[in-house]
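Single-structure report; data block below.
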Amino acid sequence: QVLNAAMQMRTLVDAMTNLNMLRSREMVMHRMVVPVQKIIKNAWSEVQKLADAKNLQVTLNLPSASLPVKCDPEKLTTAFVSLLDNSVRFTPDGGRITISAMLQAGGDMLVTLQDSGIGITDADLKKIFNEFYQVEPHTTRKFGGMGIGLSIAKGLVEAHGGKVWAESQGPGTGSTFYVLLPRISTS
């Protein structure tokens, strides 16, 4: 119980620190070339216990050939942890999450996180990456969170020159989050 509370407090402090650094544009990046598979697996290891507790079926569709990205591994992992945590929290017990990565024709990297969660309305799709925005009304909240995870993920992905967006057919249809990272420059 105490360990859980301490871990939640650490997560909150880390999230607020990241949010503050993104706002002030003072975040220092330590970029290196890393396989995106390693980033995804590290992020997944941080949320796996939550997924296991909900009996989620998780599939990692990651190619065996290395898919390199130039990034700050710690910060990009944090972005994926935020996205995965969101999918795990909003996917009902026994649901599915599929994580895929592929190299696009132009050399950009596309990572998709598809879940069988509660889905997102068109109106909410336009707002979910805003700071402190939460899909559920504060009076009936059951999924938890502070409404900053997705904004942090967006800020960190954009700090890497990438883009993040979500799509959903609406309530009850699940969601797909996309992360597009730029190809590694050869110059």
1.4 Å probe accessible area per residue over the stretch 75-116, in Å²: 36
Accessible surface of the stretch 40-139, 1.4 Å probe, proportion on carbon and sulfur as whole %: 50
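The values are calculated or read from the model by the stated rules, or taken from the named source; none is laboratory data. Computed from a predicted structure; not experimentally measured. The area values use the complete protein model at the heavy-atom level, side chains included, leaving out ligands, DNA and RNA. Shrake-Rupley method; radii C 1.70, N 1.55, O 1.52, S 1.80 Å.
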